[in-house]
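The values are calculated or read from the model by the stated rules, or taken from the named source; none is laboratory data. Bear in mind the structure is a predicted one, so any value in this text is a computation, not a measurement. Ideal geometry is used to build each Cβ from the backbone, glycine not excepted, and the neighbour counts take in all protein chains shown. Heads up: the accessible areas ignore ligands, DNA and RNA and are worked out on the full protein's heavy atoms, side chains in. Shrake-Rupley method; radii C 1.70, N 1.55, O 1.52, S 1.80 Å.
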Amino acid sequence: MKEIKAVMAPQRLPGLHAALRAQPGFPGMTVLRAEGYVGAVSGGAVSIRDALRDHVPRVRVEMVVSDEVAERLYDCVVASVSSGQPGDSAVWMTDVDRAAFVHKTV
């Protein structure tokens with residue numbers, strides 16, 4: 001199993017969701033609100049007030065997928081969130097040793 005995570009601008013989420021839903025084997029995803037820091041600060045110390053000004057709203061998407069669909073879904077995420085702007089999005093995939101999908105019983 002693999003875990004795919006992406007951090008992106010919120011306006012990219014609807015397109016990503018549509019693209020992933022069209023993919024066979026898409027298991028669903030978790031979406032979280034996040035803030036991101038874009039770029040590096042050059043020069044000496046920066047006050048916390050100035051540093052917080054540089055944070056921008058982002059969303060973080062996470063999904064655990066089977067090995068059979070992982071590469072295809074990863075490529076789909078990369079294609080869907082790519083804007084051509086440096087630092088706009090980040091996507092990564094890691095191995096998952098174990099996962100349990102717990103369902104509530106009535």
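Take Leu73 and tell me if it is at pLDDT 80 or above, within 19 Å of Gln11 (Cβ to Cβ) and either of a type outside the set (Val, Ile, Thr) or out of contact with any Cys (no Cβ under 7 Å at 6 or more places or on another chain) (or both).
On the way: at pLDDT 80 or above: yes; within 19 Å of Gln11 (Cβ to Cβ): no; either of a type outside the set (Val, Ile, Thr) or out of contact with any Cys (no Cβ under 7 Å at 6 or more places or on another chain) (or both): yes.
No.
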Suppose the filter is at pLDDT below 95, open to solvent by less than 60 Å² (accessible area, probe 1.4 Å) and of a type in the set (S, T, N, Q); does Ser47 pass it?
yes
Scan segment 16-26 for residues that are outside any loop (DSSP other than H, G, I, E, B), over 13 Å from the mean Cα position of the chain (by Cα) and surrounded by 11 or more Cβ atoms within 10 Å (Cβ to Cβ) and jot them down.
Ala19
